Amino acid sequence: MAQQNVLLVTGMSGAGKTTAMGILEDMGYHCIDQFPVQLLSSLGEIINSQPDPRYTNIALATTAMDYPKFLNYFENIDAKVRVLFLDASNDKLLLRYKFTRRHHPMLMFSKANTLEEAIEVERDMFESLNDRSLMRIDTSQLSQTELKAILMDKLNMDSHQVFSISFVSFGYKYGVPLDADLIFDMRFLPNPFYIEELKELSGDDAAVYDYVIQKPETKQLLSHITQYLDYCFESYAKENKNHLCVCIGCTGGQHRSISVTNWLYRHYKNQYHCYKSHRDKKVR
């Protein structure tokens, strides 16, 4: 069985652990926040005994108080453990807490009496961590996009594996998909619905697919669409967008939209992580 990769996400409260966990989840990590120290042995048994790909890469967010116990536990089991330490200047941490109005953990656990004191107490608790940390990131001046780019670089993630695309066919008569990012209208293409032998089939059938895709109008349209999508996909991936929903519509969502969706999926599936669905296809 493959060795489990455990990433401990820790650091100063307010430095961006929650944001980092969201980014890591998008990157394919199984993320767990505020996991009880008392249940560590149970978690260890699960990830080492279950051949579940979800547990190949695990990210656990932990506080200054619990971090030593987490590190000690995973260093003593058959797991590759790394530490991501997030930091920020004291001034920036103060501003973030005043802006969000959240309670600092050192105040909640009566380890300090003021916010400034809480930050200093927590920093003292982490003094011994910095030399052991494999990845230390100062988020004082980082945007979420910049933090994601750094994490992808440090964790050797391939942006094409992170960026995914859903191609969805639909019928306008049933409404436009609410999660659509890009929409393409196929209603001006020749309609197989009016051909008796094709009417009851769908774009998943070879006869309909060939009829739609081989039309000169469709070939010209696909040339324009792919040129546009090539630019969009590359640009979205550079901006670290995780997922894009491309919707292709026709009147009833049976013939033209399904055929073009299938063509686009086949065209891009070897370049990106692609999904395909036909929202309004009739079940025969």
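Residue count for segment 233-260 under the criterion of being within 18 Å of the chain's Cα centre (by Cα) and either charged (D, E, K, R) or outside any loop (DSSP other than H, G, I, E, B) (or both): the result is 12. Could you tell me whether segment 252-261 includes any residue that is open to solvent by 70 Å² or more (accessible area, probe 1.4 Å) and either farther than 17 Å from PHE193 by Cβ or of a type in the set (Val, Ile, Thr) (or both)? Within segment 252-261, not a single residue is open to solvent by 70 Å² or more (accessible area, probe 1.4 Å) and either farther than 17 Å from PHE193 by Cβ or of a type in the set (Val, Ile, Thr) (or both). Scanning segment 52-106 for residues that are open to solvent by 50 Å² or more (accessible area, probe 1.4 Å), in contact (Cβ under 8 Å) with a residue 60 or more places away in the chain and under 15 Å from GLN4 (Cβ atoms) yields ASP78, LYS80, ARG82.
Once segment 192-210 is narrowed to residues that are within 15 Å of THR261 (Cα to Cα) and touching a residue at least 40 places away in the same chain (Cβ under 8 Å), the residue that is surrounded by the fewest Cβ atoms within 10 Å (Cβ to Cβ) is ASP204. With respect to being in a loop (DSSP other than H, G, I, E, B), at pLDDT below 90 and more than 27 Å from the chain's Cα centre (by Cα), LYS282 fits the description.
Working only within segment 161-216, note down all residues that are within 23 Å of ALA237 (Cβ to Cβ), among the small types (Gly, Ala, Ser) and assigned to a loop (DSSP other than H, G, I, E, B). Of everything in segment 161-216, just one residue is within 23 Å of ALA237 (Cβ to Cβ), among the small types (Gly, Ala, Ser) and assigned to a loop (DSSP other than H, G, I, E, B), namely ALA180.
Against the definition (part of a helix (DSSP H, G or I), at pLDDT below 80 and not acidic (Asp, Glu)), how does ILE77 come out, yes or no? The answer is no for ILE77.
Apart from one condition, GLU217 fits all of (1) crowded, with 17+ Cβ neighbours inside 10 Å; (2) at pLDDT 95 or above; the exception is (1).
Yes or no: segment 229-237 includes at least one residue that is over 21 Å from GLU25 (Cα atoms), open to solvent by 30 Å² or more (accessible area, probe 1.4 Å) and modelled with pLDDT of 95 or more. Within segment 229-237, one or more residues are over 21 Å from GLU25 (Cα atoms), open to solvent by 30 Å² or more (accessible area, probe 1.4 Å) and modelled with pLDDT of 95 or more.
The values are calculated or read from the model by the stated rules, or taken from the named source; none is laboratory data. Just so it is clear, the structure is predicted and the values come from calculations on it, not from any experiment. Heads up, the Cβs are rebuilt from the backbone with ideal geometry, glycines too, and the neighbour counts pull from every protein chain shown. In case anyone asks, the SASA skips ligands and DNA or RNA and just uses the protein heavy atoms, side chains included. Shrake-Rupley method; radii C 1.70, N 1.55, O 1.52, S 1.80 Å.
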